[in-house]
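To keep things clear, I will list the structure first and then write my remarks on it.
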Amino acid sequence: MYIKRVRKSHRGSKKVYEYLHLVENVRTQHGPRQRLILNLGAIDLPQDKFKDLANCIESMLTGQQRLFDTDRKIEKLARVATDKIRSKQATKVEHDATDVQQPIYQHVDVASIEASQVRSLGSEYVCHCVYNELKIDDLLIAEGVSTHTLPLIQALVIGRLVSPGSEVHTWNWALHRSAIYELTGPVLRPSLNSLYRAGDRLFECKDALERHLAAREKDLFDLPERICLFDLTNTYFEGQMAANDKAKRGRSKEKRTDCKLLTLALVVDELGFAKYSRLYPGNQVEGRTLAQIIESLVALRPNLARDRTVVIDAGIATGQNVAYLKANGFHYIVVQRGKADFTPDDIQTMQIIRQSDQYTLKVKRHDQDGEALLLCHSTGRQAKDQGIRGRQERLFLERLRYYQDGLNKKGRTKRYSKVIEMIGRLREKYPRASKLYDVEVTPEAAPAAKTNARTIVWKKRDQYDAQRQLEGCYVLRTDRTELSDGQIWQTYVMLTRVESAFRSLKSSLGLRPNFHQNQERADTHLFISVIAYHILHTIEYKLRLCGDHRSWATICEILSTHQRLTIEYNAKEQEQVRRSHLRLCSTAEPEHRQIYQRLNLKEAPLPKKIMNA
């Protein structure tokens, strides 16, 4: 077994390509010939290292112990080549229909047994089966995607579920740590660039794919689709993002104000299934997105508007957006901005609609102009509001006292204009406390460029007690006047399904950070996470139907111990010792089997394969 350099050129081109071939000499009826074992490709390796690489490959295939340490680069190249050779051999054996379930007895040298090529399988297997159940490949083929690209697209999506990270991370994971390509079928050229191109091709099918997934999930689970829940989140970029027009600075929900942002809008139904997504610049104002999203969604699903209820939070519930929903035939349940329609006296006449050990929920309803306004008071939210306001109020007053004391101390700020500026910044920093107090700064003389402040006086505003009594309250506004108070509130709290989706995207699906420097690749990165969410939510929903409420993170951790590996051993056949390799799955443990049974999956993801050196 040795390596030789081969030079080739295409017809009509003067460019010459060089490849390395691993070959061996064989005797044929026509004399000695060279048999190609593997095309190693255009690897960068000096010619004086060819023999070392060939010897290393041969020793790995035969299980021989190497007497001298091998160069790390050569050992890595040899391992990749060995894996490819074994894969070719295994395919051939399986094609010959060797029945590995029948007893096969051999004389085996127990001391020679080794385990190698250990790859994760359990989580990939579950995702792969749900991916196929959603018939994503069928849609992609209908959109003209090449069959050679399908395994790469599946690796991108499932990689985001099992080992979330960048596309570079996914490429390494799929090649070296996962058995994903054994599930999807082999990839001709699993290069990093081919993975990027696969992602680009996936994003080109965005609208068709989201329309297909919404229809497929509705058919699989008989979804009612009476509620549309809408919200926005954002993710931050690492880098300058000069080539991405959508990358803008804005209010980061992860407090990463030092980075540019990209905004994701998501629509889900009452059971948490995603219906549509859209990407916006990072400085997108929440209240200006609803009409665009609804119009895009209705274009994909023309019958969506009839008898559907849209649920949105206060940031999006502007008067203009509510008017838009009315004009387009949507019902709505929104969070009213402010509590002007209610007074502290209404709290005394509220009725309890839900009570538990954790919290008590009371409501007060006003019907007017074909709408219902529902004042909701939660003891759990009250404790939260009091904690936030109490902390801000304490810090706000401490700082005011510090400024007041500084007017009489050397080296502290006394200039009237500077004191006014500091108090303005203080109000901005502690908004919940500052709206409860009036602050007055008295100058020593008529305000001028160098006038000092004499005193700082603050007092509680008249509405201080009223504001305190309304802590823990929020107002729901809806045109669904036929609903009871409890039904209105229960429909509103479905909005947590969107928040749950965003948590999954950010924690389990690697939505952030984004390292891509151009707009198309950044958009693709986020869209891959959205498709992965469809699979994640389908898995969790199917398990919940069986009474299993574990999250995907927990399921993934449990299944990580179900793996695919190769057992190598020396076998004696007719006085000849031969190195054999058996590719198999580890035995499913009780926890693995429980998950597989609830998802209606087989316990053995892949068959055994026998490979002989």
Show me the GluC sites (Glu not before Pro) within region 471-530 that DSSP assigns to loop and that have at most 15 other Cβ atoms within 10 Å of their Cβ. E482
If R0 = 35 Å, then Y17 and T554, at their Cβ-Cβ distance, give a FRET efficiency to the nearest 0.05 of 0.10
If one puts a single equal scatterer on every Cα of region 305-378 and applies the Debye formula without solvent, what log₁₀ I(q)/I(0) results at q = 0.27 Å⁻¹? -1.26
Mind giving me the nanometre distance, one decimal, between the label points for T379 and R468, set 7 Å out from Cα along Cα→Cβ? 2.0 nm
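Please find the FRET efficiency linking Q517 to R189, where r is the Cβ-Cβ separation and R0 is fixed at 25 Å, and quote it to the nearest 0.05.
On the way: r = 24 Å, r/R0 = 0.97.
The computed FRET efficiency comes out at 0.55.
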Rounded to the nearest 5, what % of DSSP beta bridges with both residues in the chain are antiparallel? 90 percent
Heavy-atom accessible surface of region 96-243: percent carbon and sulfur, 1.4 Å: 50 percent
Checked against the positive end of the charge dipole of region 181-340 (+1 on Cβ of Lys and Arg, -1 on Cβ of Asp and Glu, about the Cα centre), the farthest of F237, V285, A198 is V285
Going by amide H atoms built from the backbone, whose H comes under 5 Å of the H on V310, apart from near neighbours? C228, H331, Y332, I333
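Highest mean first, how do 540-552, 157-169 rank when packing is the count of other Cβ atoms within 10 Å averaged over residues? Display every interim value, and only then the final one.
On the way: 540-552: 14.8, 157-169: 21.4.
Per-residue Cβ counts within 10 Å, averaged per peptide and sorted highest first, yield 157-169, 540-552.
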For region 104-115, 3J(HN,Hα) per residue [Karplus equation, 6.51 cos²θ - 1.76 cosθ + 1.60, θ = phi - 60°, Hz, x = Gly/Pro]: 10, 9, 9, 7, 10, 7, 4, 5, 8, 5, 9, 10
From the phi angles alone, apply the Karplus equation (6.51, -1.76, 1.60; θ = phi - 60°) to region 596-610 and give each ³J(HN,Hα) in whole Hz, x where the residue is Gly or Pro. 4, 5, 5, 9, 6, 10, 6, 7, 9, x, 9, x, 6, 9, 9
Given the protein chains as shown and a 1.4 Å probe, how many square angstrom of M611 are accessible, to the nearest 10? 10 Å²
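So which trypsin sites (Lys or Arg not before Pro) in region 234-324 are both in a DSSP loop and have at most 11 other Cβ atoms within 10 Å of their Cβ? Write down the numbers at each step before the final one.
Values: sites: K246, K248, R249, R251, K253, K255, R256, K260, K275, R278, R288, R306, R308; in loops: K246, R249, R251, K253, K255, R256, K260, R306, R308.
Qualifying residues, ordered by number: K255, R306.
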For a quick check: with amide H placed at 1.01 Å from N, whose amide H comes under 5 Å from V118's, ignoring anything fewer than 5 positions away on the same chain? T566
Amide H contacts under 5 Å for I37, placed H, 5+ residues apart: L22, V23, E24
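How big is the dipole moment of region 478-613 about its Cα centre under a simple scheme where the beta carbon of each Lys and Arg is +1, that of each Asp and Glu is -1, and everything else is neutral? Debye, nearest 20, please.
Values: 19 positive and 15 negative charges, 120 e Å.
It comes to approximately 580 debye.
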Cα centroid distance between region 112-134 and region 137-204, in Å? 15 Å
Relative to the longest principal Cα axis of the chain, at what angle does helix 206-221 sit, 0 to 90 degrees, rounded to 10? 90 degrees
Helix 122-133: inclination vs the chain longest Cα principal axis, degrees, rounded to 10, gives 80 degrees
Where q = 0.06, 0.10 Å⁻¹, what log10 of I(q)/I(0) comes from the Debye formula for the chain, counting one point per Cα? -0.50, -1.02
For region 430-576, what is the convex hull volume of the alpha-carbon atoms per residue, in Å³? 402 Å³
If I model a spin label at R72 and D258 as a point 7 Å from the Cα along the Cα→Cβ vector, what separation in nanometres do I get? 3.0 nm
Determine the share of region 472-613's accessible area contributed by carbon and sulfur atoms, expressed in whole percent, with a 1.4 angstrom probe. 47 percent
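Give me the Kirkwood hydrodynamic radius of region 522-613, using the inverse of the mean 1/r over all pairs of distinct Cα atoms, in Å to one decimal. Numbers along the way, then the final one.
Details: mean 1/r = 0.0617 Å⁻¹.
Hydrodynamic radius (Kirkwood, Cα pairs) of region 522-613 is 16.2 Å.
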Under the Karplus relation 6.51 cos²θ - 1.76 cosθ + 1.60, θ = phi - 60°, what is the ordered set of whole-Hz ³J(HN,Hα) values for region 26-34, x standing for Gly and Pro? 9, 8, 10, 5, 9, x, x, 9, 9
Given region 130-278, what whole percent of its Cα pairs are spread farther than 17 Å? 69 percent
Length gained if L395 through T455 is fully extended, taking 0.36 nm per residue and subtracting the Cα-Cα distance, is 19.7 nm
Per residue solvent-accessible surface (Å²) - the chain, probe of 1.4 Å: 52 Å²
Between A115 and Q29, the two model label points (7 Å from Cα along the beta-carbon direction) sit apart by a distance in nm of 4.7 nm
Where does helix 416-429 land angle-wise versus the long Cα axis of the chain, in degrees 0 to 90, nearest 10? 60 degrees
The FRET efficiency for A42 and L545, from their Cβ-Cβ distance with R0 = 56 Å and rounded to 0.05, is 0.65
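The values are calculated or read from the model by the stated rules, or taken from the named source; none is laboratory data. Everything quoted here is computed from the prediction, not taken from an experiment. Cβ atoms come from the backbone with ideal geometry, glycine included; neighbour counts cover every protein chain shown. To get the accessible areas, we keep the full protein, side chains included, count just its heavy atoms, and leave off ligands, DNA and RNA. Shrake-Rupley method; radii C 1.70, N 1.55, O 1.52, S 1.80 Å.
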